[in-house]
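I have placed the structure first, in the form of structure tokens, so that the comments after it can refer back to it.
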Amino acid sequence: MVVCRFLGNACIELISEKDHIIIDPVFLAYPKKGIESIFLTHHHPDHTNLEKINEIKKGFSKEGKELEIFGPECIHEEFNLDFTLILPGSKVDLNNGYIEVFENNCWKAEGCVAYLIEIDGKKILHTADSADYSEQLKAIKDEINCCFVACFEDNFNDYLGFIRNLNPNIAIPYHFTAEKEDNAKNLAEFLKENNINSKFLVIGEEFEL
């Protein structure tokens, strides 16, 4: 079983019996203690924030284990941060799974990546804030249990086209603050109207896979 928690912006926390990771940790609702690894998609301030990373180090990381941080080259160019560089095509092993790194196209974020996370046999795709998906992402043929997609109003048809091709078990709109939650509600309804299984999550909500 994997617990998926949406913490605001593009921040997703994944917790299983043997793994505890967080992605793009600019959280608006607090994560749970025990985080072992942070994965960053790109350098924009709503995805990478040093104060939030330090909060995790001080209050939410796993005791007795050094917190690992992974990210693409654009993180190094923007931040003075000790982290492990990852490239599209690489794979990071977890305790009971792995994370595959994919080339991604995000607005004004050259070098952005997406993550396909497999934990306890469940596959979760984190697409950062992309609406112009890379050929690598479009070529995924795995059975995806859950795909997180951004929810900018001008790109609803882009999300729909990608989700139709990917065919995940469920699509979750994310990448919003409390002031913009209507965007996510509207995208969830739009996807449902087009026969896509979708669910709106409030910030701080969690569900099990």
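Laboratory data are not the source of any read-out in this text; all were calculated from the coordinates shown. Model, not experiment: these values are computed from the prediction. Neighbour counts run over all protein chains shown; Cβ positions are idealised from the backbone, glycine included.
For (1) within 16 Å of the chain's Cα centre (by Cα); (2) within 21 Å of residue 14 (Cα to Cα), each residue gets a yes or a no:
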site: 86; (1), (2): yes, yes
site: 103; (1), (2): yes, no
site: 108; (1), (2): no, no
site: 117; (1), (2): yes, yes
Farther than 28 Å from residue 134 by Cβ, within 14 Å of the chain's Cα centre (by Cα), in contact (Cβ under 8 Å) with a residue 24 or more places away in the chain and surrounded by 13 or more Cβ atoms within 10 Å (Cβ to Cβ) - does that describe any residue in the range 3-14? yes
Which is charged (D, E, K, R), on the phi < 0 side of the Ramachandran plot and touching a Gly at 6+ places or on another chain (Cβ under 9 Å), of 57, 62, 52? 62
Conditions (1) of a type outside the set (Phe, Trp, Tyr); (2) closer than 18 Å to residue 14 by Cβ; (3) within 18 Å of the chain's Cα centre (by Cα); number of the one not met by residue 62: (3)
Unmet criterion (only one of (1) touching a Gly at 6+ places or on another chain (Cβ under 9 Å); (2) buried (at least 19 other Cβ atoms within 10 Å of the Cβ); (3) not in a helix (DSSP H, G or I)) for residue 81: (2)
Determine which member of the set 50, 87 is without any contact (Cβ under 8 Å) to a residue 40 or more places away in the chain, exposed (fewer than 14 other Cβ atoms within 10 Å of the Cβ) and closer than 18 Å to residue 127 by Cβ. 87
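Could you name every one of the strands (runs of 3 or more DSSP E) located completely within the range 100-209 that has at least 1 residues being buried (at least 17 other Cβ atoms within 10 Å of the Cβ) and among the small types (Gly, Ala, Ser)? Step through it out loud before you land on a result.
Values: elements: 113-119, 122-126, 146-149, 170-173, 206-208.
Passing ranges, in order: 113-119, 170-173.
Give the residue, chosen from 106, 112, that is of a type outside the set (Ser, Thr, Tyr) and touching a strand residue (DSSP E or B) at 6+ places or on another chain (Cβ under 8 Å).
Matching residue, one of 106, 112: 112.
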Take the range 130-162 and flag every residue that is out of contact with any Ser or Thr (no Cβ under 8 Å at 6 or more places or on another chain) and either among the aliphatic types (A, V, I, L, M) or under 17 Å from residue 202 (Cβ atoms) (or both). 131, 139, 140, 144, 146, 151, 160
Any hit, the range 63-71, residues being assigned to a loop (DSSP other than H, G, I, E, B), in contact with a strand residue (DSSP E or B) (Cβ under 9 Å, 6 or more places away or on another chain), farther than 23 Å from residue 98 by Cβ and not basic (Lys, Arg): no
Subset tally (residues that are more than 17 Å from residue 161 (Cα to Cα) and of a type in the set (S, T, N, Q)) for the range 99-145: 1
